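The values are calculated or read from the model by the stated rules, or taken from the named source; none is laboratory data. In this text the structure is predicted, and so the values were computed from the model without any measurement. Glycine also receives a Cβ, built like all others from the backbone with ideal geometry; neighbour counts cover every protein chain displayed.
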Amino acid sequence: MITMDDIVREGHPALRTVTEEVPLPPSDKDKKTLEEMVQYLKNSQDEQVCSRYGLRPGVGLAAPQINVNKRMLAVHFTDMKDKLYSYGLFNPRIVSHSVERTYLSTGEGCLSVDREVPGYVPRYRRITVKATDLEGNEVKLRLKDYAAIVFQHEIDHLHGVMFYDHIDQEQPFKEPENATPAD
Ligand SMILES: OCN(O)CCCc1ccccc1
Ligand code: NI
């Protein structure tokens, strides 16, 4: 099982690496890794398991965070409308996005960042993501607000981008242009 010992932290080169596409159909090894990434998120959101293994709760996890140089991400969360998003995805890509932007008024955090980094993280408000899921199906997801934010945070990791790269250094809490808070 994945624990915090497997999650690399800031300064590790994996977090600044542009990951490799996963050859499809995925190997059993890649499928197992991706399933373990989804399982980490579920474990981290289960109070008993979380405290027993000292996990940090997370709603998403990208392969570079466990030092795997592959274009794979996992998400497990419910949005503000109680819609469950639980996916292990291979080769996710944003195929279209709104001009309008959004952000979390609380800012963002990261399992690979052991410190608070305050500030608004501007994200596209709506995105369409195409990917291949764990069953090998091509999926097309139309995402908005919080769900769009989580997916953008994870897809950024696949391109070596950290959430604080988007924060305005001069005015971290300046209202981003053309943006509506997601929360
Ligand atoms: O990459 C996953 N991550 O480090 C866990 C936290 C993910 C996350 C946190 C705040 C807003 C969007 C996504
Ligand atoms: Ni992160």
Scanning region 52-84 for residues that are away from ligand 1 (no atom under 11 Å from the Cβ) and among the β-branched types (V, I, T), the one surrounded by the fewest Cβ atoms within 10 Å (Cβ to Cβ) turns out to be T78
Only one residue in M72, M37 is at pLDDT 95 or above and touching a Phe, Trp or Tyr at 6+ places or on another chain (Cβ under 6 Å), so which one is that?
M72
Subset of region 131-161 [under 14 Å from L89 (Cβ atoms), among the aliphatic types (A, V, I, L, M) and within 15 Å of ligand 2 (Cβ to nearest atom)]:
V150, I155, L158
Residue count, region 21-45, condition surrounded by 14 or more Cβ atoms within 10 Å (Cβ to Cβ) and within 19 Å of the chain's Cα centre (by Cα), comes to 14
Please go through region 100-149 and give me each residue that is away from ligand 1 (no atom under 16 Å from the Cβ) and either in contact (Cβ under 8 Å) with a residue 60 or more places away in the chain or of a type in the set (F, W, Y) (or both), ordered by number.
E100, T132, L134, G136
Any idea which residue in region 150-170 is farthest from ligand 1 (Cβ to nearest atom), counting only those that are of a type outside the set (A, V, I, L, M) and surrounded by fewer than 17 Cβ atoms within 10 Å (Cβ to Cβ)?
E170
Residue, farthest from G160 (Cα to Cα), within region 40-72, restricted to residues that are within 12 Å of ligand 2 (Cβ to nearest atom) and among the β-branched types (V, I, T)
V59
Answer yes or no: is there a residue in region 88-107 that is more than 16 Å from ligand 2 (Cβ to nearest atom), part of a loop (DSSP other than H, G, I, E, B) and more than 24 Å from D183 (Cβ to Cβ).
no
Could you give me the residue pairs with C-beta distances under 7 Å whose first residue belongs to region 57-74 and is more than 16 Å from D46 (Cβ to Cβ) and in contact (Cβ under 8 Å) with a residue 40 or more places away in the chain, whose second residue is hydroxyl-bearing (S, T, Y) and near ligand 2 (Cβ under 10 Å from one of its atoms) wherever it lies, and which are 6+ apart or on separate chains?
Q65/S112
So T128, is it outside any loop (DSSP other than H, G, I, E, B) and in contact with a helix residue (DSSP H, G or I) (Cβ under 6 Å, 6 or more places away or on another chain)
no
